[in-house]
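Input: a single structure, listed below in structure tokens.
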Ligand code: NAD
Ligand code: WQD
């Protein structure tokens, strides 16, 4: 198949491009490079021996998307990663988040409709469940009020997709609700590159181990969990990337329509467990101290990913140890490049 990957030079997008190329698909990337850079294409080429077609394109730019679809009239499907994703930043810049995340999806869907491309896989998030009840979370768990403008954009995007599918019976849309993606490609050649101080846990851990940060602050050790720290479902980014290939395959064999799947491991890991496992498997040192809870954090969440296994034939296979080692390999790679 020929697939348009928006946000394809970003963290999850680049790993998905690798999986798509290795599964024999052709890839066209559209990314405006607001949160990634072209050097990612070198990493993709080093891993796969192929370099995907790349357009520096903003998905809110309808004319640019029209040109892209005209130049690639055989596109079969789109995977839409392009979005702004920092929860804190979305509190400060809600309008930028609504304009970009909603604008890109609506513009893309209009362009797809005009060019008769009718399959889309959308990057959603476990954040749509808000503050859920007892884990694990299934796709039937209620959608709760969003806890940030970012989370609201994911809920609204899902609604937009549902309405578009309702109005156009030829359209197929699958939303993958990611839990906590971490790690890097096993080659250590592509990975997550946070801009500035990392907000997410594992990049902060690897930067602390690399000596870039002095110490990790663990936000809260008084949650009602076995060790008092929060529990999350951390999933290797390459496992997550593979889920997109499975979702595309699945779409070809089922009637058009709206579908949504949890993409996680089905295992909960506490923050402290993650840090301890990182120290044990890498041998690196990670000084840390406990701090007060981070506002807005939920105590525990993990996925029930069994629907994805049953319907998409997908499940995560990487262990936590190999996931943490991959992140460390990538951190060492970027630290060496910056020396
Ligand atoms: P990322 O920031 O690494 O990648 C997003 C990419 O989209 C970047 O390359 C950026 O330059 C590009 N982009 C943003 N707006 C654009 C626009 N208007 N036009 C073109 N390109 C644009 O983020 P990521 O972690 O790879 O996330 C990918 C998707 O997965 C996002 O939709 C995000 O909300 C979602 N998601 C991420 C996580 C996570 O923890 N990383 C969890 C759940 C869902
Ligand atoms: C994980 C745990 C922190 C940093 C976010 C988004 C969510 C989704 C995934 C996009 C929490 C603790 C963190 C640190 C810490 N993204 N922590 N010290 O908050 O589960 O989810 O990314 O859709 O929408 O909210 O991930 O990595 O920020 O935090 O103790 O320096 O690590 O308190 O318990 P989170 P995270």
Would you call residue 65 touching a residue at least 40 places away in the same chain (Cβ under 8 Å) and more than 9 Å from ligand 1 (Cβ to nearest atom)?
yes
Would you confirm whether any residue within segment 44-62 is within 16 Å of ligand 2 (Cβ to nearest atom), surrounded by 15 or more Cβ atoms within 10 Å (Cβ to Cβ) and in contact (Cβ under 8 Å) with a residue 24 or more places away in the chain?
no
Kindly indicate whether any position in segment 215-230 is more than 25 Å from residue 132 (Cβ to Cβ), more than 9 Å from ligand 2 (Cβ to nearest atom) and in contact (Cβ under 8 Å) with a residue 12 or more places away in the chain.
yes
The condition from (1) away from ligand 2 (no atom under 16 Å from the Cβ); (2) in contact (Cβ under 8 Å) with a residue 40 or more places away in the chain; (3) under 23 Å from residue 236 (Cβ atoms); (4) crowded, with 18+ Cβ neighbours inside 10 Å that residue 23 misses is numbered (4)
Looking at segment 116-132, I want the residues that are farther than 18 Å from residue 305 by Cα and in contact (Cβ under 8 Å) with a residue 60 or more places away in the chain and have a partner that is within 12 Å of ligand 2 (Cβ to nearest atom) and part of a strand (DSSP E or B) with Cβ atoms under 7 Å, at least 6 apart or on another chain. Which pairs are those?
none
Checking residue 189 against (1) over 30 Å from residue 110 (Cβ atoms); (2) assigned to a helix (DSSP H, G or I); (3) in contact with a helix residue (DSSP H, G or I) (Cβ under 7 Å, 6 or more places away or on another chain), the condition it does not meet
(2)
Just checking, which of 104, 99, 86 is within 14 Å of residue 153 (Cα to Cα) and either within 15 Å of ligand 2 (Cβ to nearest atom) or modelled with pLDDT under 95 (or both)?
86
Residue in segment 303-312 that is more than 21 Å from the chain's Cα centre (by Cα) and modelled with pLDDT of 95 or more present
yes
From the list 295, 287, 255, which one is out of contact with any strand residue (DSSP E or B) (no Cβ under 6 Å at 6 or more places or on another chain), over 28 Å from residue 9 (Cβ atoms) and within 11 Å of ligand 2 (Cβ to nearest atom)?
295
Name every residue in segment 202-230 that is touching a strand residue (DSSP E or B) at 6+ places or on another chain (Cβ under 8 Å) and either within 16 Å of ligand 1 (Cβ to nearest atom) or closer than 17 Å to residue 285 by Cβ (or both), in order of residue number.
202, 204, 205, 208, 215, 216, 217, 218, 230
Restricting to segment 107-134, count the residues that are within 21 Å of residue 251 (Cβ to Cβ), away from ligand 2 (no atom under 16 Å from the Cβ) and part of a helix (DSSP H, G or I).
7
If I ask for residues that are within 13 Å of the chain's Cα centre (by Cα) and not in a strand (DSSP E or B), which ones from segment 3-46 would you list?
7, 8, 9, 10, 11, 12, 13, 14, 15, 16, 17
So the check is Cβ under 8 Å with 6+ separation or different chains; which pairs have a first residue in segment 287-299 that's within 22 Å of residue 208 (Cα to Cα) and a second one that's in a loop (DSSP other than H, G, I, E, B) and near ligand 2 (Cβ under 9 Å from one of its atoms)?
290/220; 291/220; 292/220; 293/220; 293/223; 294/220; 297/220; 297/230
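The values are calculated or read from the model by the stated rules, or taken from the named source; none is laboratory data. Quick caveat, the model's predicted, so the values are computed rather than measured. FYI the Cβ positions are ideal-geometry reconstructions off the backbone, even for glycines, and counts take in every protein chain you see.
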